[in-house]
1. Note down, for the range 157-210, the three equivalent ellipsoid semi-axes (square root of 5 times each alpha carbon gyration tensor eigenvalue), biggest first, whole angstrom.
2. Quick one: Karplus J couplings for the range 515-531, per residue in order, coefficients 6.51, -1.76, 1.60, θ = phi - 60°, nearest Hz, x for Gly and Pro?
3. What is the sum of charges, Lys and Arg at +1 and Asp and Glu at -1, for the other residues whose Cβ falls under 11 Å from the Cβ of residue 355?
4. Excluding residue 41 itself, calculate the net charge of residues whose Cβ lies under 15 Å from the Cβ of residue 41, where each Lys or Arg counts +1 and each Asp or Glu counts -1.
5. Please report the base-10 log of the normalised intensity I(q)/I(0) for the range 337-490, using a Debye sum with one equal scatterer per alpha carbon and no solvent, at each q in 0.09, 0.14 (1/Å).
6. Take the alpha-carbon positions of the chain, form their convex hull, and give its projected area averaged over all directions (one quarter of the hull surface) in nm².
7. Taking the full set of protein chains and a 1.4 angstrom probe, give the accessible area of residue 216 in square angstrom, rounded to the nearest 10.
8. Which net charge results for the neighbourhood of residue 560, defined as the other residues with beta-carbon distances under 14 angstrom from its beta-carbon, given Lys and Arg at +1 and Asp and Glu at -1?
Amino acid sequence: MGARSGLLPVLAGLVLAGLVLAGPCGAEQPPPEAATGYALQPPAEGRRFMAVTANPHATAAAVEMLRAGGSAVDAAIAAQMVLGLVEPQSSGLGGGGLMLFYDARNGRLRAWDGRETAPLAASARQLDDAAGRRLDFASAVRDPRAVGTPGLLAMLGQAHRAAGRLPWAQLFDPAIRLAEAGFPVSPRLHALLALEGGFADPAAQALFFDAAGRPWPVGHRLRNPALARSLRLVAAEGPRALYRGELAGLVRDAVRGELPADEADRRGLLGYPDLATYRPVERAALCRPFRSYRVCGFPPPSSGATTVLATLGIWRRLPPGPAGEAAFIHRFAEAGRLAYADRAACVGDPAAVAVPVEAMLDGRYLARRAQTIGPRAGPPQRSAGRCGEGGEADAERPSTSHLSIVDGFGNGVALTSSIEDAFGNRRLAGGFFLNNQLTDFSAEGPNRIAPGKRPRSSMAPTVVFDRRGLYALLGSPGGSQIPNFVSQALIGLLDGRMPPQEVVAQPRVGSRNGPTEVERGRVGVEVIEALRARGHTVREVEMTSGIALVVRSGRGWVGVADPRREGTAGGD
């Protein structure tokens, strides 16, 4: 399975995947964004601009803005509004996001943080039941106390003020048209609704299921007039419509208003003060060299860049080898195991805890970590080399979306957005799902919940530079698997010189400081047995990445979307 091994013909066509995933304790449980198919998407080429998103409608919206002379930020906002409509299980106005923006005018890379925050009334025990026991995850994600303050829209507004070229209201036109006229239910949306089985929220049930309780079939024209109205409000009033206007009341009522008085202790904590005081944060992008490139990602509270850059820093000190072989998977899993150990022990919201980023990515430290990797698997769970112990693996889920865009002016955007679990908290407000991001907090360690705190994220929007300048943009959904997805893609692209389509199509592998995980049905039995002979505990799981990759090629750009989801690329 090397860079030019003929992998693509073998993978061509549609390969349906299973719909269960091994849980953290080994039990089988339905995954939040289950695997629903595998179909290779053709790469797109463009001399002027390129957009790769998670849905054809969103890609079309981005291209519409780019053809109108818009910037990459304009295109990203238009695409994101469409994604909240056609991919409601993954992202939307009720969630958060992280954006990297490359400004070609001055060569500056900017990082905008729109991560959700815990309500001001949050407490460490807020997701406990009446007996003081922590809710199980399935119950917690649906509990109104799991909803954090949405940050995506405020962050997009900040980005538009800094780098937008088109009028704000124009960016909402494609999503409003689709919400009013309707769009055909996609195979993936239908499959995920069928897996969900129904919603307790009457508005959500009526929107996505028929009177008999069946999810709308593939091809059904789904209209969302409530979301269209919300988008019109935001187009006219700007982000304040959500944080201080009519939509703030809808969000507050959805979180706090539906439980009877005798269950008041289970009402959500999110209220008007949380919305009114929310502020996005501009941070300094986190960059490190890798081979002849410079790889940049998002700093804490995201653990994406620290984990990706640590993995690459360890990897570059290990012997090379072809992707897909047992030796490659062994080394990649061991590098990831070490990087994830520090992730759990060290990373949290930098406004609340000191995150030793420089120490975590120090070259001499990573060299010492690399020296602990031998020909056989190390301990099933590695100890953190920084920050001591005490960190806790979180339950971050892979219900996320990513888009990568380069505009005609040479600017670039890598944006990852999320509502956390599939369909978030399962509550609609104004036609969009609210997040359940407070389940991303850990019970102990640097990621413990506190009022106003941002939960740790694994989102890893990534920008790569070479000697000529902007070279590639990428990222992926996938919850806590994201750093592994992005690291493997970068190794394939920069180390293995894989063509972009092979980068996104290669079988997924890795470790999150636990078992060695390989993508179910896509890694050969002989490779798995060779890993076990090296001492690995191997688990075959669904690994539903959604990499959106844009790479400079000659005088233009190549874009390609991951075959595991419904993404497409479009350029001109």
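The values are calculated or read from the model by the stated rules, or taken from the named source; none is laboratory data. These figures come from a predicted structure and were not determined experimentally. Cβ: placed from backbone, ideal geometry, glycine included. Neighbour counts: every protein chain shown. Heavy atoms of the whole protein, side chains included, go into the accessibility calculation; ligands, DNA and RNA do not. Shrake-Rupley method; radii C 1.70, N 1.55, O 1.52, S 1.80 Å.
1. 32, 13, 12
2. Using θ = phi - 60°, the values come out as x, 7, 9, 10, 5, 4, x, 10, 10, x, 4, 5, 5, 4, 5, 5, 5 Hz.
3. Cβ neighbours under 11 Å give a net charge of 0.
4. -1
5. Rounded to two decimals, the profile gives -0.36, -0.85.
6. Its average projected convex-hull area is 23.2 nm².
7. Its accessible surface works out to 60 Å², give or take rounding.
8. -1
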